[in-house]
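So the structure is just underneath, and the comments pick up after that.
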Amino acid sequence: METIKPRTLSGFMELLPAPQMQLERMMQILRETYALYGFTPLDTPLLESSEILLAKGGGETEKQIYRFQKGDSDLALRFDLTVPLAKYVALHANELSFPFRRYQIGKVYRGERAQRGRFREFYQADIDIIGDGKLDILNEAEIPSIIYTIFRRFGLKRFTIRVNNRKLLNGFYALLGLSGQAGDIMRTVDKLDKIGAEKVRVILIEDCGVSEEQADEILRFIAIRGTNAEVLDALQAWSGKNEVFDTGLAELTAVAAQLSAFGVPEENFAIDLTIARGLDYYTGTVYETTLDDHREIGSVCSGGRYDDLAAYYTDRKLPGVGISIGLTRLFYVLGEQGMLNDALPTAPADCLLLPMTDDLSAAVRLATALRQAGIRTQLYSEQKKFKAKMQYADKLGIPYVIFLGEDEIARGECSVKELRTGEQVSLPVDGAIAHIRAGIAALASGSVIIEK
């Protein structure tokens, strides 16, 4: 039989055990944090009917999705977690309690050109709050506190949650007589960090049908800076001239007013009038989160308020607000920047139990006792030389090895060796459990990410 050369497809990530453990640790932090804020876990199918996924898509979305026929079925792999959520809520609206708060961490698929840090299969980590008919503005104010909690638990301090409001922008462009071009203008301004103000001005004039005077006014508007209070105060200059603008300003003010109560410091939150998000379904508050020392990475967590996402599946009004973390890309970029904490344990077990007797009954009982105490334990029964057994533990990074021979069994003890220090002690089972627990707790006390 001819041997097939094993390979991983371009744009798909396969991790070795140690980095996989690092990724799993980040996922666990996300699950714990989302649960802390009262979100329920949800899983939706990887495959959907193509008409479901393309209801609001088409264009670029249709080019990027993985779509295929199976019998009479026209199927596609999900390209995000938001559209399947809209379908799910529309389908189960009569069975759900609103506001419906869900989180989902799952893989999505996009058939775009694979490049450094951009994948065709990747994890997204989403939360959304869906209302029935209405959704209070307080939910939009709570979202930054969730982002803040997640990134602090990751170990980050220098990051900024940048917030704006699409109603504010739509009202401003209406004042300039540019309502018809508002979507194109927002998508252009959203590129400001990447291409700079001069190129934005050229695109506004040449591609968006904006006059030179209007382009200059737009650039002056989005350049407003200062503390959040100073930005809000500066925006009062346009107050009372457009109802949509006034609504957006009131919502942005309400979001900013709750930050302190939600525990978000001023230095981690900024009103930024350049933020619009490229997707047209956002209707109110929008968010982007950047790492202060790595702005070149772009947004690592983004989202916003939407009102009509489920309109393709139901007449029922189901407004929502949500955020998404592109977890695979974030993990890859952090690894490239050397920001993942390699000192944290990545071993599949806390201890490796090596029986030193032919009769394995005592070793099996000890392994069972350790596992019942919550200590992850591998029982090594392979007939190999002692050196090979120790090399196995060392290669996996298992911090403790337990030896159980005739002498230890006779004394009702076991010998525990910490591989990092070489220290070895003989202890009763209860003492060994306490010793290993304390050591593992110390090893795991650091953060997942190290700022540099």
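Things worth noting here:
- When ALA276 is tested against (1) closer than 25 Å to SER145 by Cβ; (2) open to solvent by 10 Å² or more (accessible area, probe 1.4 Å); (3) of a type in the set (Gly, Ala, Ser), just one condition goes unmet, and that condition is (2).
- Residue list for region 243-271, restricted to those being part of a loop (DSSP other than H, G, I, E, B) and surrounded by fewer than 20 Cβ atoms within 10 Å (Cβ to Cβ): GLN258, SER260, ALA261, PHE262, GLY263, PRO265
So that you can scan it fast, the table gives a plain yes or no per residue for (1) open to solvent by less than 30 Å² (accessible area, probe 1.4 Å); (2) closer than 23 Å to VAL300 by Cα; (3) free of Cβ contacts under 8 Å to residues at least 24 places away in the same chain:
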residue: LEU9; (1), (2), (3): no, no, no
residue: PHE12; (1), (2), (3): no, yes, no
residue: LEU15; (1), (2), (3): no, yes, yes
residue: GLY38; (1), (2), (3): no, yes, no
residue: GLU48; (1), (2), (3): yes, no, no
residue: LYS87; (1), (2), (3): no, no, no
residue: ARG102; (1), (2), (3): yes, yes, no
residue: VAL108; (1), (2), (3): yes, yes, no
residue: GLN115; (1), (2), (3): no, yes, yes
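- Which listed residue is in contact with a Lys or Arg (Cβ under 6 Å, 6 or more places away or on another chain) and closer than 30 Å to ARG31 by Cβ, from ILE161, ILE137, ILE129: ILE129
- For region 381-392, the count of residues that are in a strand (DSSP E or B) and under 22 Å from ALA18 (Cα atoms) is zero.
- Options GLN378, GLN383, GLN372: the member that is over 26 Å from GLN28 (Cβ atoms), of a type in the set (S, T, N, Q) and open to solvent by 30 Å² or more (accessible area, probe 1.4 Å): GLN383
- Those residues of region 312-355 which are among the hydroxyl-bearing types (Ser, Thr, Tyr) and either more than 22 Å from the chain's Cα centre (by Cα) or not in a loop (DSSP other than H, G, I, E, B) (or both), in sequence order: TYR312, TYR313, THR314, SER324, THR328, TYR332
- Scanning region 188-241 for residues that are of a type in the set (A, V, I, L, M), under 20 Å from ALA270 (Cα atoms) and in a helix (DSSP H, G or I) turns up VAL189, LEU192, ALA197, ILE218, LEU219, ILE222, ALA229, VAL231, LEU232, ALA234, LEU235, ALA237.
The values are calculated or read from the model by the stated rules, or taken from the named source; none is laboratory data. What you see is a predicted model, and the numbers here were worked out from it, not measured in a lab. Ideal geometry is used to build each Cβ from the backbone, glycine not excepted, and the neighbour counts take in all protein chains shown. These accessible areas exclude ligands, DNA and RNA; they are computed on the full protein's heavy atoms, side chains included. Shrake-Rupley method; radii C 1.70, N 1.55, O 1.52, S 1.80 Å.
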